[in-house]
Structures are given as structure tokens and as C-alpha cells.
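Just so you know, all these numbers are worked out from the coordinates, no wet-lab data involved. All figures in this text were calculated on a predicted structure; none of them were measured in a lab. Heads up, the Cβs are rebuilt from the backbone with ideal geometry, glycines too, and the neighbour counts pull from every protein chain shown.
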Amino acid sequence: MNRSKIPKVERTIFGHLPDGTAIEMVRLRGDDGFEVRLITYGAAIQSILAPDRAGRIADVVLGRDDLAGYIEVRRFLGATVGRYANRIASGAFELDGNRFQLATNDGANALHGGLAGFDRKFWPVTDIGENPTPFVTLSYVSPDGEEGYPGRLETHVTYSISGGTELSVAFSAVTDKPTIVNVTNHSFFNLAGVETGGDILDHRLTIAADAYLPVSATGIPLGAPSQVDATPFDFRNPHRVGARLHDANEQILVRQGYDHNFCLRGGATDGPRFAARLEDPRSGRVLELLTNQPGIQFYSGNFLDGTVTGKYGRVHRQHDALCLEPQRYPDTPRRPDFPSARLDPGQTYRHTLLYRFSTTDGAKE
């Protein structure tokens, strides 16, 4: 088919939930073969197809081939996670003198929204089109008390091709009671291509952060941010992901690699600004991530354990992919010294992030 004749937005049925609800796949197409495939289960990114320096297209995010795979094993692959991404210690927090106990699903802690967070929900299409660019809006209403969170929360996420090879993700939410909100996307990236690309240890990573949050063995921040200077957490200049992954560093050992929040320079901002850059030297693919959030969780795929087989028959093993998750800091509701995650009636929560893909010519490699 002539590429110019291929629709920029396409909807198909991806599968059905046990109750018969149809889950759709929406395809958004940009330039040079760039394509993003989304599903209405978990408002998840199922695939991102991006060209390499020679124009060859590959899928650069982990995912499952069918809906059953997403339902049977919860791995947050490409999912929208919330109400609160990351961890809250003991699954409990106070707001205006009231104590709220959340569902705990990560030992004693609450993780990524609890037992059935946003990643386990049906997000119907509420708007879709090609003007001014290919886009789709998915929506979910979380009832008051769901997973222990206060307030009825109405949440929307709009995915759009904001440039020829750029994906914009815009989250918004409103509430009818004071609550906490921290929503992000949980894509696992391998820029070499998830079908044949091997691991991500040779990917070169830059993070615009001078400090990070040391954590306990369960991933809860221990205290105030620590400077990255002279540590394996210094990604202010590009470093191979695997270069210091086996250093005898307590924080590397405690999480079997990187699984830490990096405190972005400038904190929360009105609009998205540069947060991280990831490059695969072999393919030349580059991902730049921009966000308006104060932190970014860098996870080096430490606990991918070979028990899940994803797209293309690829078994997901340790360090086969990595995550860069813009968000509020973990455990913020219990830490008044961290950037607030509070949302009140009359306010609108907004989180905008950009995934900007490009290529290098490899001249420096």
C-alpha cells in the first residue's frame, strides 16, 4: 500500500474482557514509519515503531501480543499507572487530619495504585481524530474510596503525534474531594528493538538531575535527596547503563541495579523541559524525554525474571529494557518536604510528557 494512503488514525478490536467489554487498539501514525499502538486496557502503549539511522523500523517497547497476556500477568508494560505511581510506605497517609489506608500490594507498601490500579482498568475512547495531529483521548473515572483513595477522580490521557516522530502524552485529572494524584506512563524501552535487540546495558543515558533519592530494600526513600557527585547515579553526562551496574555501591546492591527517583533540576515546571536522553549506539535511535514533573524514576529492568514471554516470542529477562517514569517523588504523601501530590476540588492535575525520537549517524561511536 502507498504509505500516503495509510490512515493516520486507525481503530481495531484487540480483545474482550471476561465481561464481554471490547478492548480497542488505536494506531497513531507519524512520519518515516513512526507508529504508536495503544490499547484501552490500562490506557497502555502496546508498541512504538521507530526508524533507525538506516530507516529500518523496529518496535522499541515491551508488550504482549494479546489481551490475555496483559490480564494474566501484571507487569505494567506501557501502562498508565495511578492513582499514585511508585510506592507509599505502609500504604497509609494523612490528609487534613484524616488517615487513609490504601490497599497494599508490594509487601507492606502500596505500589502503582494498589491491587487493581489504573493499569487494570478499561479506558474508553472519549475523543479521537487527525486534526491538528493524530490523537486519541482515553478516560477513566475512579470512584471515591477505590483502593482506599479519597475523592471521585476523573482522569483523561491524550496521546498525540506532536511531531513527525514525537509522541505527546498529556494526563489531566479533577476531583470532588482533597486527594493525592501521581500518574505516569510505565513503558519499558529497548531502542535496539525488542524483537532482536538484546539487553540495554550499552545504551547511553543522560539524566538532568544533580540529586537522587536513596531507598530502603523495599524501595522507600530513606530521607532527603543525595547528590549524585562521585556515585554511579551521576548521569549528568552520557554513561552506558551497564558501566557501573555492578559497582560495590550500597544503593545499587539494595535494588539489584537502578530503581531510584532522580530529582530533576528546577522541580515541577509549567511546561515540559528536557529530563533525559537515551541512545542506542548500534541502531542510532535516540529518545529524548521531556516532562513538567519534578522527578523521574529510572528502572534498569532488574526484576525482569524470564517468566513472561512478550511480543515476537521474546522472553523478558533482566536488563532487557529500562523505564524512565516522570512523576512526583515516591512516598510524597508522607513526606511534606517532597513536592506535593495534593489535588483539591477546583484544581486540575496536569502532567505532560514528550517522547521525542530521532537518530544519530554514529560518527562518534
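Miscellaneous remarks
- Applying the criteria of a DSSP loop state and at most 14 other Cβ atoms within 10 Å to the GluC sites (Glu not before Pro) of the stretch 120-194 yields 130.
- Sequence-distant contacts, meaning Cα pairs under 8 Å at least 6 residues apart, place the relative contact order of the chain at 17 percent.
- Residue 234-residue 17 FRET efficiency (beta carbon distance; Förster radius 51 Å; 0.05 resolution): 0.70
- Value of [θ]222 nm, deg cm²/dmol, for the chain, DSSP H segments ≥ 4, -39500 (n - 2.57) each, nearest 500: -500 deg cm²/dmol
- Gained length - residue 73 relative to residue 53, 0.36 nm times residue gap less alpha-carbon distance: 3.7 nm
- Within a Gaussian network of the chain (alpha carbon springs, distance under 10 Å), most fluctuating of 180, 45, 296: 180
- For the stretch 152-204 versus the stretch 13-55, the gap between their alpha-carbon centres in whole angstrom: 13 Å
- Per-residue packing, averaged as other Cβ atoms within 10 Å, sorts the ranges 287-294, 11-18, 313-320 into the order 287-294, 313-320, 11-18, beginning with the highest.
- Taking the chain as the region of interest, the number of lysine pairs whose Cα atoms are within less than 30 Å, with members eight or more places apart or on different chains, is 5.
- Computed over the chain with a Gaussian network model linking Cα atoms closer than 10 Å, the most mobile of 132, 330, 51 is 132.
- Summed side-chain charge close to residue 308 - residues other than residue 308 whose Cβ falls under 12 Å, Lys, Arg +1, Asp, Glu -1: +2
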